[in-house]
Amino acid sequence: MKAGVALTGAVGGAGLLLPALSSEAQAQTATDIDPTTIPKFAQEMTVPEVTKPDRISGTTAYYSFEMQEVQTEIIPGKQTTVRTFDGHFPGPWIKACSGHRVVVTQKNNLPSPTSIHLHGGHVPESSDGTPMDLIQPGNEKTYTYPNSQPNANLWFHDHAHHVESENVFRGLTGFYTLMDLPEKALGLPSGAYDIPIAIRDARFDVDGQLIYQMNDFRGRTVILANGKAWPYFEVAARKYRFRLYNTANMKFFTLKLSNGSTVQHIGGDGGLLEAPVTTDAISLTSGERADIVVDFSKFPVGTTFELVNTEGVPAGVPPTPVLQFRVTRTAADYSRVPAKLRTLPALPTPTVNRNVVLRVDEGVADGMGYIDDKVYDHNRVDNTIKYGDTEVWTVSNVNQRVPHNFHIHLVQFRVLERNGVPVTSGPETGLKDTVRLMPGEKVKVQATFTGYRGKYVYHCHMFDHAAMGMMATMEVV
């Protein structure tokens, strides 16, 4: 499919998505809102409520969601149509426990097909939400998540090929926090002080409606935190745990506190790090997560400061605001951040080495995306992996100007090297499922393929690039 064609579509006889409505044409005729006219820090950031299961039987919790379009206020005073699970924007929040199964029935009442992927989840192929395992409008599918992995900051989103980009842009995402007993015993901030925050960019017309256009990385100039444009959040003068999710289609963030304070980076995609990392910058590419603790007790009541984005901001230009923190009260705090958070297993000796090359057409209006110079074809298996093998993949971004990132389904991996330099410290030492690759960069990752056999995909997790064809299939046999 051409990069310039956005699809809200049907399925043809061969199982390929065919265009039914071009959002590209709509985007060309829309009048954008002037983002400078949107008041900043005028709305309070929404905190998602934990979704209660429909029922619990033994160690299995059952949920059901209806994918539907609803109206919500993202920009003050305007109603925006978004695509949601049960009307939740930025999404519902499932909390699950390791070893306790979750079963989710998803009914599709949207105008386009969907396929729901639990990002970072170790799940059987039948519940992975593969790109062509589609839920047609009016139909439903039940997904089973065994949760046979340690604590992790997972999330779920649409993965229907060619329409995943638009569906996610219009809001079809949800939070999924996987907890375990060792994590609970650490004494980290919890309850009302453990908050997921989905950060993304968006583009709106003057009426407040979302404007979708493929590969529109320059047009999406409004920043959302938990579904609100540039909100504020009131905090007590104590420690908070924030689980940060980059749910943007393409945008990368480097997040800092505007007063220069540091935070404790305690976890990432695959859960807790071995030890906290004190830092003043959190890097998140599309799909990545960061688990941080901010200690607001250092600031007197009445203090305000912002979480800002410095990614791609030229020298001398102020960073872009994301949300404002307001310290409004005091509160007791019995939480702590231990010096030791977990012990990761030793890396086994790898048995296979592979090379993976990422590329998009640069400087081409209707460019395509490629992995190993091939556009995604769901009928083709690109790599066959022996069950139980430990493999090292050297992933290269050969583009000169375009960044990418890289996500593998089924497994969490460890980052061994970046540009030939061993990764021995920092957040990339933890379990990962998505990793940054700037132009010309090369990253070496290691994973063990066990648990389930079947066909799974790996791809650039910039949704627009995946929709352009930058995706491939592996089969674990």
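The values are calculated or read from the model by the stated rules, or taken from the named source; none is laboratory data. Note that the coordinates shown come from a computational prediction; the quantities given were computed from them, not determined experimentally. Don't worry about glycine lacking a Cβ; one is built from the backbone with ideal geometry, like all the others, and counts go over all protein chains shown. Heavy atoms of the whole protein, side chains included, go into the accessibility calculation; ligands, DNA and RNA do not. Shrake-Rupley method; radii C 1.70, N 1.55, O 1.52, S 1.80 Å.
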Legend entry - Nonlocal amide H pairs with ASP194, under 5 Å, H built at 1.01 Å: ARG241
Legend entry - Rounded percent of accessible protein surface that carbon and sulfur make up, the chain, 1.4 Å probe: 51 percent
Legend entry - Sequence ranges 251-260, 79-88, ranked by mean other-Cβ count within 10 angstrom, highest first: 79-88, 251-260
Inset, instruction - Please report, largest first and rounded to whole Å, the three semi-axes of the ellipsoid equivalent to the chain, where each semi-axis is the square root of five times an eigenvalue of the C-alpha gyration tensor. - result: 30, 28, 23
Legend entry - Per-bin percent of Cα-Cα distances, segment 177-328 [10 Å]: 10, 39, 34, 14, 2
Inset, instruction - Return the sequence-ordered ³J(HN,Hα) values of segment 159-170 in whole Hz as given by the Karplus equation 6.51 cos²θ - 1.76 cosθ + 1.60 applied to θ = phi - 60°, using x for Gly and Pro. - result: 9, 5, 4, 6, 10, 4, 4, 6, 4, 5, 4, 8
Legend entry - Amide H contacts of VAL356 (H built 1.01 Å from N, under 5 Å, at least 5 apart or other chain): THR394, VAL395, SER396
Legend entry - Beta bridge orientation in the chain: antiparallel %, DSSP, nearest 5: 75 percent
Legend entry - Sum of side-chain charges, LEU178 neighbourhood, beta-carbon under 14 Å (Lys, Arg +1; Asp, Glu -1): 0
Inset, instruction - Quick one: which residues, 5+ away or cross-chain, put their amide H under 5 Å from the amide H of ASN249? H built at 1.01 Å from N. - result: ASP201
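Could you report segment 265-392's accessible area per residue, 1.4 Å probe, as an integer in Å²?
47 Å²
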Legend entry - Packing-based ranking, highest mean first, of 282-293, 57-68 given that Cβ atoms within 10 Å are counted: 282-293, 57-68
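Please sort 426-434, 112-120 by packing, taking for each peptide the average over its residues of neighbouring beta carbons within 10 angstrom, highest first. Don't skip to the answer; put the middle values down first.
Working: 426-434: 21.8, 112-120: 25.7.
In decreasing order of mean packing, 426-434, 112-120 become 112-120, 426-434.
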Legend entry - Under Karplus coefficients 6.51, -1.76 and 1.60, residue-wise ³J(HN,Hα) of segment 36-42 in Hz, glycine/proline x: 5, 8, 7, x, 8, 6, 9
Inset, instruction - Within the set of other residues whose C-beta is less than 13 Å from the C-beta of ARG342, count the net charge using Lys and Arg as +1 and Asp and Glu as -1. - result: -2
Legend entry - Under the Debye formula (equal points on every Cα, no solvent term), log10 I(q)/I(0) of segment 82-121 at q = 0.14, 0.18, 0.20, 0.25 Å⁻¹: -0.40, -0.65, -0.79, -1.13
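Under a 1.4 Å probe, what is the accessible area of segment 143-246 per residue, stated in Å²?
With the other protein chains kept in place, segment 143-246 gives 23 Å² per residue.
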Legend entry - Where LYS444, LYS52, LYS386 fall by accessible area, highest first, once all protein chains stay in place (1.4 Å): LYS52, LYS386, LYS444
Legend entry - In order through segment 367-384: 3J(HN,Hα) via Karplus (6.51 cos²θ - 1.76 cosθ + 1.60), integer Hz, x for Gly, Pro: x, 10, x, 9, 10, 6, 6, 10, 7, 3, 9, 5, 8, 10, 9, 8, 9, 10
Inset, instruction - Calculate for the chain the 222 nm mean residue ellipticity that helices alone would give, adding -39,500 (n - 2.57) per DSSP H run of length 4 or more and normalising by residue count, nearest 500 deg cm²/dmol. - result: -1000 deg cm²/dmol
